[in-house]
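The values are calculated or read from the model by the stated rules, or taken from the named source; none is laboratory data. Just so we're clear, the structure is a prediction, and the values are computed from it rather than from any experiment. As a convention, Cβ positions derive from the backbone with ideal geometry for all residues, glycine included, and neighbour counts pool all protein chains shown. Ligands, DNA and RNA are excluded from the accessible area calculation, which covers all protein heavy atoms including side chains. Shrake-Rupley method; radii C 1.70, N 1.55, O 1.52, S 1.80 Å.
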Amino acid sequence: MTKEVSAEADSNDARPWIGSWLMGAVVPLAAVLAAFAVGAIFLAAFGANPLEGYAAMVSGGFGGGSEISATLVKAMPLMLVAVGISIAFRAGVINIGGEGQILAGAILSTAVALIIPGTPRVVLLPLLVVAGALGGAIWGAIPGGLKAYAGVNEILSTIMMNIIAAHFLSFLLQGWMIEDGPIKIQQTERLTENSDLPLLPGASRLHLGVLIAVLVAVVGYVILFRTTLGVRLRAVGHNPHASRYAGMPVERSIVQALALSGACAGIAGAMLVFGSESHRLVGEGGASAFTQSAGFNGIVTALFGGLHPLWSIPASFLFGGMLTGGIEMQRTVQVPSALIIALNGVVVVFVVGSFRLKRMLEVRVEQSAKAKGA
Amino acid sequence: MKNKNKFVVLLALLAALALLASACGSDNGDSDGDAGSGDTESSGDSFRIAIVSPSAKNDVAFSQSIFDAVTRVGENRSIEVDVSDGLFVVEDAAAAIRGYAEDGYDLVIAHGSQYGAPLQEIAPEFPEVAFAWGTALDTFGLDNVSSYSVRSDEGAYVLGALAAEISESKNIGIVGPIEVGDAKLYVDGFAAGAVAQDPSVDVNINYIESFADVQLAQEAATAFVNNGADVLTGTAQMVVGATGVASAEGVPWFGTQSNQTTLGPDIVVASQVYHWEIVLEDIIAGVENGDLGGESHILTLENEGLVLEFNEDYALDPSLQELADELVEGIVSGTITTGIE
Amino acid sequence: MWSEFFTVSSIVVTLAAGIRLATPFLLASLGEVMGQRSGVLNLGVEGVMLLGAFGAYYTTFRTGSVWLGVVAALAVGLVMGLVYALITLVMHAEQGISGIGIFLFGLGFSDLLFQRWVGTPLPISRLPEWHIPGLSQIPVIGEVLFQHTPLVYIAFLLVPLVAWVINYTTFGLNVRAVGETPDAADTLGVSVLRIRFATILIGNALAALAGAALVVPFGTFQQNLTSGRGFIAIALVYFGAWRPRGVLIGSLLFGLVIAVVNQWGSLGIVSGSLSSLTAMAPAVLTIVVLVMVSRRIGAPSALTKPFDRTA
């Protein structure tokens, strides 16, 4: 899977024409509309007015300042995970461990905030980002090392690491990290104010985490396309055998790829804790209640962005808008939220399914352009 | 280069989309803190209630209990109810709570302990909306937040005592999700009541570390039965697995949160049912008089927020019924305490 | 407490529970093996399991017949197979991602239909255990192996069956060829698409059956009752090195560890927050065992690559 996608992605990056890019954006949008059409059938079947529903979704995701803020906040973890996934996939590693890596980053950074709450914010915040990255990196490096040195398939190990992380979170939130109180909820106490991610000026809930995510996207792009590390990772992804013959340290590259990928997800975890309204690590109701399934949705986002870190920015924005808008849709037309989840799935399937069509169209458009030019 | 072009195009499309959306967006567009300012039409004198909960409203457990209670409230007064259930992601629930507040609902019920932290931030922004938060004791010192909780250990205590009496093998099994919150309170109360009634009873508790894994709950119940338990109880949504085993093995079952007779018409002895409507009635009455909250409400056996509902089809020994009544009396009057904090 | 665990009866019930718990993993994993041997990755197993589980529950609920429920689950699996075949073979969708879409869809749609058509999880008819005459009387082994519900037997019988199909039939040969060198197979006249279509259908049908296996023994349903089993089943394919035998070992390992931990919980050996740590045990052990028994059998070479004759 990764070779296919990264090969396609790389060949895309080499193609020269804006027209084909226009096609490239239109086809997925058409796919979304087709998915929405299917969704409209569901909505109608459940007694809701599809037009009212979709209007609510669009306006709930993009309809105003606070909506866009909410969408950006929702997009933040998607963006971060997507950047990491782009790096991993391009290095030939399938990372399904985003969920666990998010948790690892969240846990480590929360631990830091709990242990040294007195640290001044200007020192603590960078420390928390580093802690998040470190936690995630470790959680990614372990499957990386297992693959590189023990031949353990990374799909298996990352899935298992997700399970382990979720239970570990539950463990911590029953014991060491749980807030004191008469009614025990699986959350930490309100963490020190020094750890609050500053709100961006003029915005009600837009916090620094969003900017950090964009920064990580840029850094990810630079690493992947402008450093020797990135060249090496991509080479290993394209052809591990040739790379090995060329003397490249394939094993080390695999570990590095997964560590970097995990680090991105780990930062997402930290941002989710310190940017949340509650300013706590809340694990009540399960791990995905905290991660918002960003570990999975981030994979989808990465693909929508063609495995390119910079493209994950608009991709996560759109996906985030759909998720945010979905809540508004549910509220407005009062369908069970399960329908929104199902709709998300349909959209993913349709958009992913449309990529070949997109490619065919791009090729055809380009060929006709060449014919005209010739 | 190419990436820039793609970038530009996509950003342009996004901008177009956003413009389009704001143009035909509904009035949710810019209502920061504009709560209750007549932004939305209220239909007549209906009291508008919104419920936000982490699991499905028909889970025969936590979320169902509040939904049923609101339905019962609706039998006595004219209400409009909108529900956003299944919101286990706290941030999403916060968005829903905020959305309902912005739409000017009369009462927004945040039915999840984990919702408290965001609620603390949201409620002050909407001083004219009443919020109810459960299960919790804290109101954050805010005038428009009521909290509600339940002494689930009280009813559990009584049921536990009954279990001890019904059990012939003197071995009771309890299936729980995770050892926190309401579940822990119920389990501890049940065990306390059983042991208080008969110290020789062996009460075994298995927290299966999941709220949804039905098969695991089945296996926990099966293991209990294999190890000699002849009375079972449990709490949380996955409990349907355990009740299935109880039905199959003919083992008596005690339920909590909602009336669980339907889960095992032959074997359910009694359920401790949460009648949140007691609390809701108080809160609603207060809201209509201009008091938007600030108090903490607790369901107890005494205020009949907790009611033990017996399964008519289960042939319970009359002496046990008397025992139950006695124990309830005792707890209500304070002569008996469950010992759980 | 520990002494209670190490009694014969305790060990026996734990082993029997392990086999019951292994069954859904085994069914789903065997299906995925079929698919992956032919070069198709399906990450949506969890979603198909949920839909199959609901199909089984609802049909039993309506008709009162458990076996009709099982058939319904198979039908649901076939329908989802058609869908996935369309997405994968025609649209050439990226297999990992489309799987996630299927997962989300299955999660939401099963929940949605359940809320709409059923509401409260009412109990339904259950599939009773079928004690194999004669064999089930054998002390110890009889109780562990031969006193299960029919789906358990089916799952375990499928192991040699699937192995035989893959290794000794023409179809199986084609499957393997298509999974390793689809171009060569195509040249030789094997219809890559048709083979993959078949394995996708089989895979999804088995995944749906796995979902039914969660519903049918005790006749209940709950939203998200699979709780991640689909993903674990996929992981077990790698553990088992794409061999039915290996997948059997993996499923048993997983099921048994869960059963042991569960028995410890019921006996009071672990309690409280420690339960969270023991709940990790199956996952940790799976990795540890795999590291220790590290094999270098590789994946089918054409795994996840869409077949394009024109390319």
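Have a look at segment B:184-211 and report residues whose accessible surface goes down by 40 Å² or more when the remaining protein chains are included, against the chain on its own, probe 1.4 Å, ligands and DNA/RNA excluded.
Hits at the 40 Å² cut-off: B:Asn206, B:Glu209.
At a probe radius of 1.4 Å, what is the per-residue accessible area of B:Glu75, in Å² to the nearest 10?
140 Å²
For segment B:287-335, max minus min Cα coordinate along each principal axis, in Å, sorted largest first?
Taking the Cα atoms of segment B:287-335, the three principal extents are 49, 29, 13 Å.
Taking H placed 1.01 Å from N in the peptide plane, check which residues at least 5 places from B:His297 or on another chain put their amide H under 5 Å from its amide H.
When sequence neighbours closer than 5 places are left aside, the close amide H contacts are B:Ser147, B:Tyr148, B:Ser149.
Provide the per residue accessible area, probe 1.4 Å, for segment A:77-318, rounded to a whole number of square angstrom.
Result: 31 Å² per residue.
Return the distance in nm (one decimal) between the two label points of a simple spin-label model at A:Ala369 and B:Asp325, each offset 7 Å from Cα along Cα→Cβ.
Those two pseudo-labels are separated by 8.8 nm.
Could you give me D for segment B:183-341, from Stokes-Einstein at 10 °C and 1.306 mPa s, where the hydrodynamic radius is the Kirkwood radius over C-alpha pairs? Units µm² s⁻¹, please. Walk me through the intermediate numbers first.
Details: Rh = 17.2 Å.
The diffusion coefficient I find is 93 µm²/s.
If you wrap a convex hull around the C-alpha atoms of segment A:288-374 and split its volume per residue, what is the figure in Å³?
122 Å³
Would you mind computing, in nm to one decimal, how far apart the modelled labels at A:Leu200 and C:Arg194 are, each placed 7 Å from Cα along Cα→Cβ?
The modelled label-to-label distance comes out at 5.7 nm.
Quantify, in whole percent, the carbon and sulfur part of the accessible surface of the protein assembly as shown (1.4 Å probe; protein heavy atoms only).
Carbon and sulfur: 62 percent of the exposed surface of the protein assembly as shown.
Which of the helices in chain C meet the span-like rule: DSSP H, Cα axial reach of 24 Å or more, Kyte-Doolittle mean at least 1.0?
Helix filter hits for chain C: C:8-37, C:66-85, C:95-113, C:150-168, C:192-215, C:244-267.
Based on C-alpha coordinates, I'd like the Rg and Dmax of segment A:98-200, in Å.
Radius of gyration, then largest Cα-Cα span, for segment A:98-200: 15.6, 48 Å.
In whole Å, how far is the Cα centre of segment A:282-340 from that of segment C:1-44?
Centre-to-centre distance over Cα atoms comes out at 32 Å.
Give or take rounding to whole Å, what are the principal axis extents of the alpha carbon atoms in chain B, in descending order?
Answer, in whole Å and largest first: 75, 57, 32 Å.
Mind telling me which of B:Gly74, B:Gly160, B:Gly293 comes out most flexible in a GNM of chain B, alpha-carbon contacts under 10 Å?
B:Gly74
Kirkwood hydrodynamic radius for segment C:2-296: how many Å is it when counted over pairs of different Cα atoms?
19.7 Å
Under the 0.36 nm per residue contour assumption, what length would be gained going from the current alpha-carbon distance of C:Asp186 and C:Leu86 to full extension?
34.0 nm
If eta is 0.692 mPa s and T is 37 °C, what Stokes-Einstein diffusion coefficient results for segment A:35-104, Kirkwood Rh from Cα pairs, in µm²/s? Spell out each step's value before the answer.
Numbers: Rh = 14.8 Å.
This corresponds to a translational diffusion coefficient of 222 µm²/s.
Would you kindly compute the Cα radius of gyration of chain A and its largest Cα-Cα separation (Dmax), both in Å?
Cα-based Rg and Dmax for chain A come out at 21.2, 79 Å.
Given all pairs of different Cα atoms, what value in angstroms does the Kirkwood hydrodynamic radius of the protein assembly as shown take?
Details: mean 1/r = 0.0343 Å⁻¹.
Computed over Cα pairs of the protein assembly as shown, the Kirkwood hydrodynamic radius comes out at 29.2 Å.
Relative to the longest principal axis of the C-alpha atoms of chain B, give the angle of the C-alpha long axis of helix B:277-288, reported between 0 and 90° and rounded to the nearest 10°.
Tilt of helix B:277-288: around 30 degrees.
At 1.4 Å probe size, with no ligands or nucleic acids counted, give the accessible surface of C:Met1 in Å², nearest ten.
110 Å²
How compact and how long is segment C:1-79, expressed as Rg and Dmax of its alpha-carbon atoms in Å?
Looking at segment C:1-79, its Cα Rg and Dmax stand at 17.2, 50 Å.
Kindly compute the accessible surface that chains A and B hide from a 1.4 Å probe when together, both sides summed, and give it to the nearest 100 Å². If you can, show how the numbers build up before the last one.
Numbers: alone 16730 and 15570 Å², together 27550 Å².
The contact between B and A buries close to 4800 Å².
Per residue and in Å³, how big is the convex hull formed by the alpha-carbon atoms of segment C:115-265?
158 Å³
In square nanometres, what is the average projected area of the Cα convex hull of segment A:178-222?
In nm², the orientation-averaged hull projection of segment A:178-222 is 5.1.
Taking Rh as the Kirkwood radius, which is the inverse of the mean 1/r over Cα pairs, what is the Rg/Rh value for segment B:45-183?
Result: Rg/Rh = 1.05.
For segment B:34-162, with every protein chain kept in place, what is the accessible area per residue (1.4 Å probe, Å²)? Don't skip to the answer; put the middle values down first.
On the way: 3600 Å² over 129 residues.
Here the per-residue accessible area is 28 Å².
Considering only DSSP beta bridges whose two residues both sit in the protein assembly as shown, what percent are antiparallel, to the nearest 5?
20 percent
Quick one: ranking C:Leu26, C:Leu107 by accessible area, 1.4 Å probe, largest first, what do you get?
C:Leu107, C:Leu26
Compute the accessible area of each residue in segment C:211-227 twice, once for its chain alone and once with every protein chain present, using a 1.4 Å probe on heavy atoms, and list those whose area falls by at least 50 Å².
Listed by number, the residues meeting the 50 Å² cut-off are C:Phe218, C:Thr220, C:Gln222.
Roll a 1.4 Å probe over the protein heavy atoms and report the accessible area of B:Asp143 in Å², nearest 10.
So the heavy atoms of B:Asp143 present about 120 Å² to solvent.
In Å², nearest 100, what accessible area do chains C and B bury in total when the solvent probe is 1.4 Å?
Buried area (both sides, nearest 100 Å²): 2800 Å².
Rg/Rh for segment C:1-133 to two decimals, with Rh computed the Kirkwood way over all alpha-carbon pairs.
Radius of gyration relative to Kirkwood radius: 1.07.
Which is the longest run of chain C containing none of the trypsin sites (Lys or Arg not before Pro) found in DSSP loop states (not H, G, I, E, B) with at most 15 other C-beta atoms within 10 Å?
C:1-294
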